[in-house]
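First the structure, in the form of structure tokens, and then the observations on it.
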Amino acid sequence: MEKTFREAYLAGEIPFEEIDEYSYQWGLHDEDPRTLREYLGLTVEEEDAWVNIGEEALIELLDKAKSR
């Protein structure tokens, strides 16, 4: 199984900007029952920060998770 955006980002395998490509790929797969949040592997808190505050807030949360 392919890694989610969150897994790959936290592993240092991709830059944050890859979130756009993951989101695009999710949109191409109508048969996938997962929400975008699930597809990206984000937590509810991370999704809320991304939607309500912006990318910088999501980056901050992910980088905190990366250092744990």
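The values are calculated or read from the model by the stated rules, or taken from the named source; none is laboratory data. Fair warning: this is a prediction, and the values are worked out from it, not measured in the lab. Glycine also receives a Cβ, built like all others from the backbone with ideal geometry; neighbour counts cover every protein chain displayed. Accessible surface is based on the protein model in full, side chains and every heavy atom, while ligands, DNA and RNA are left aside. Shrake-Rupley method; radii C 1.70, N 1.55, O 1.52, S 1.80 Å.
Taking all protein chains as they are arranged and a probe of 1.4 Å, the heavy atoms of Thr4 leave approximately 20 Å² accessible to solvent. Among the trypsin sites (Lys or Arg not before Pro) within the range 1-67, which fall in a DSSP loop and have no more than 15 other Cβ atoms within 10 Å of their own Cβ? Of the trypsin sites (Lys or Arg not before Pro), the ones in loops of the range 1-67 whose Cβ has at most 15 other Cβ atoms within 10 Å are Lys3, Arg34. Label 7 Å along Cα→Cβ of Ala8; the range 36-68 residues with amide nitrogen under 16 Å? Output list for this probe position: 36-42. Simple rule: put +1 on each Lys or Arg Cβ and -1 on each Asp or Glu Cβ in the chain, find the dipole, and look at Ala65, Trp26, Ala8; the Cα lying farthest toward the positive end is Ala65. Remark: the Asp32-Glu55 segment gains 5.8 nm on full extension, using 0.36 nm per residue and subtracting the alpha carbon distance.
Surface composition of the chain: carbon and sulfur atoms hold 50% of the protein heavy-atom accessible area at a 1.4 Å probe. For the range 1-67, the solvent-accessible area with a 1.4 angstrom probe is 66 square angstrom per residue.
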